[in-house]
Amino acid sequence: MKIEKILKHYRIEAGKHFRLKDHDPADTAGLNSEFKPQARDLLTKGVEQLAGLQDMLAAQDRWALLLIFQAMDAAGKDSTIKHVMSGVNPQGVQVTSFKAPSPEEQDHDFLWRTAKHFPERGDIGIFNRSYYEEALVVRVHPELLAKEKLPSKLVTKAIWRDRFEDINAVERYLTRNGIVVVKFFLHVSKKEQKRRFLERLERPDKNWKFSTADVKERAFWNAYQDAYEDMIRHTAKEHAPWYVVPADNKWFTRLVVAAAIVDTLKSLKLTYPKIDAAQRAELEAARKQLLAE
């Protein structure tokens, strides 16, 4: 089975009619648990492909890739990034996790803190959460918007529409400058989130992952689901697609994410730089000099 063939089921390029309830967090594209060993092999191959493509991305030094991960707590963002990016050269990857904004960040526009971390040409940038938090947690908790000290006349019912427009403009800007944007929403169910929270409480090696704030946020589950749906509806574009990835089964989540990244890099038709006759002559001269020692 080629995982690339099922990517289209999770890729959202036009969000106008997107409904989150049409996407099952436990979906595995018809593959059952017996497929897990094969999935591990496919993931290994995907990681190997990704390493080779990353090498060409760096050597060509024309494109950059920005991967954005959004999800509810315990959906598996950290572990997905860890497993999928396990084979790449760390010198060419920058992972940035965005927590609650600092006072300095709140004194700037909502895109300021993320813009500083856009990847350089030849690199892969990964945002573990991103500027999309400004239309998610800030939308669910209006008191956070008040802390941003916006002029009151700018805080209207249209603020979320305005922010989606700003985000779309930035992502269009990035793609026009050779920074490819791919976004992942790891879609976990409330039932599976509860199971993972309990596991964190019961296993000493996972206690450090647990926060009481995570449980409190479960009370806002429906509000978050509505916010995510609206976000994808307004920001899924052909040039900056969302992948709504089922996240109840981590083996399948990692497989889809790895395949999507590989598919994106392949679409760039990356190649190693070709050298001209003068450069080839220089290499030959250097080879002869080394052999003559």
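The values are calculated or read from the model by the stated rules, or taken from the named source; none is laboratory data. Since the structure is predicted, the reported quantities are computational estimates derived from the model, not experimental observations. Cβ atoms come from the backbone with ideal geometry, glycine included; neighbour counts cover every protein chain shown. Please note that ligands, DNA and RNA were not included when accessible areas were found on the heavy atoms of the full protein model with its side chains. Shrake-Rupley method; radii C 1.70, N 1.55, O 1.52, S 1.80 Å.
Along the positive direction of the dipole of the range 1-131 (beta-carbon charges: Lys, Arg +1; Asp, Glu -1; about the Cα centre), which of Gln91, Phe35, Ala64 reaches farthest?
Working it through, the farthest residue towards the positive pole turns out to be Phe35.
State the percentage of accessible surface on the chain attributable to carbon and sulfur atoms; use a 1.4 Å probe and exclude ligands, DNA and RNA.
52 percent
Just to confirm my numbers, what's the Cα centroid distance between the range 178-210 and the range 104-118 in Å?
26 Å
Only sites in a loop by DSSP and with at most 11 other Cβ atoms within 10 Å count here; which trypsin sites (Lys or Arg not before Pro) in the range 235-291 make the cut?
Counting only loop positions with at most 11 other Cβ atoms within 10 Å, the trypsin sites (Lys or Arg not before Pro) in the range 235-291 are Lys269, Lys274.
So what are the ³J(HN,Hα) numbers for the range 213-229, from phi and the Karplus equation (6.51, -1.76, 1.60; θ = phi - 60°), rounded to whole Hz, Gly and Pro as x?
5, 4, 5, 4, 5, 4, 5, 9, 3, 5, 5, 5, 4, 5, 5, 5, 4
State which entries of Lys5/Lys250; Lys194/Lys250; Lys237/Lys266; Lys45/Lys116 exceed 22 angstrom in Cα-Cα distance in the structure shown.
Going by Cα-Cα distance, Lys45/Lys116 fall outside the 22 Å limit.
By per-residue mean of other Cβ atoms within 10 Å, what is the highest-first order of 136-144, 180-188, 199-207?
The peptides rank, most packed first, as 180-188, 136-144, 199-207.
Gain in length, Val137 to Lys149, computed as 0.36 nm per residue apart minus the alpha-carbon separation, to one decimal in nm?
2.7 nm
Using a 1.4 Å probe and ignoring any ligands, DNA or RNA, find the accessible area of Glu229 and quote it in Å² to the nearest 10.
About 40 Å², rounded to the nearest 10.
So if I place +1 on the C-beta of Lys and Arg and -1 on the C-beta of Asp and Glu, and nothing else carries charge, what would the dipole magnitude of the range 201-251 be about its Cα centre? I want it in debye, nearest 20.
Dipole of the range 201-251, to the nearest 20 debye: 180 debye.
Can you list, largest first and rounded to whole Å, the semi-axes you get for the range 45-90 by taking the square root of 5 times each eigenvalue of its Cα gyration tensor?
Its equivalent ellipsoid spans semi-axes of 23, 13, 7 Å.
Measuring from the lowest to the highest alpha carbon on each principal axis, how far does the range 169-293 reach, largest first, in angstroms?
Each principal axis gives a Cα extent; for the range 169-293 these are 72, 41, 23 Å.
Any of Lys82/Lys216; Lys21/Lys157; Lys82/Lys209; Lys77/Lys99; Lys77/Lys206 with alpha carbons more than 19 Å apart? Name them for me.
Beyond 19 Å between Cα atoms: Lys82/Lys216; Lys21/Lys157.
Based on alpha-carbon centroids, what's the gap between the range 1-25 and the range 225-250 in Å, whole number please?
What the calculation gives is 9 Å, centre to centre.
When only the heavy atoms of the protein chains count and the probe is 1.4 Å, how do Thr44, Thr264 rank by accessible area, highest first?
Descending accessible area places them as Thr44, Thr264.
For the chain, what is the accessible area per residue in Å² when the probe is 1.4 Å?
Using a 1.4 Å probe on heavy atoms only, each residue of the chain averages 55 Å².
Could you give the angle, 0 to 90 degrees to the nearest 10, between helix 159-176's Cα long axis and the longest principal axis of the Cα atoms of the chain?
The helix 159-176 is inclined about 0 degrees to the chain.
Return the Rg/Rh ratio of the chain with Cα-based radii and a Kirkwood Rh.
1.03
Please give, to one decimal in nm, the separation of the simple spin-label points placed at Lys157 and Asn207, each 7 Å out from Cα toward the Cβ.
5.0 nm
So which aspartates and glutamates can Lys147 reach, going by Cα to Cα under 15 Å and dropping same-chain residues fewer than 8 places off?
By straight Cα distance, Lys147 reaches Glu104, Glu105, Asp107, Asp109, Glu133, Glu134.
Taking the Cα centre of each part, how many Å lie between the range 139-157 and the range 35-88?
Cα centroid of the range 139-157 versus Cα centroid of the range 35-88: 36 Å apart.
Keeping all protein chains in the complex and leaving out DNA, RNA and ligands, what accessible area do you get for Met56 with a 1.4 Å probe, in Å² to the nearest 10?
40 Å²
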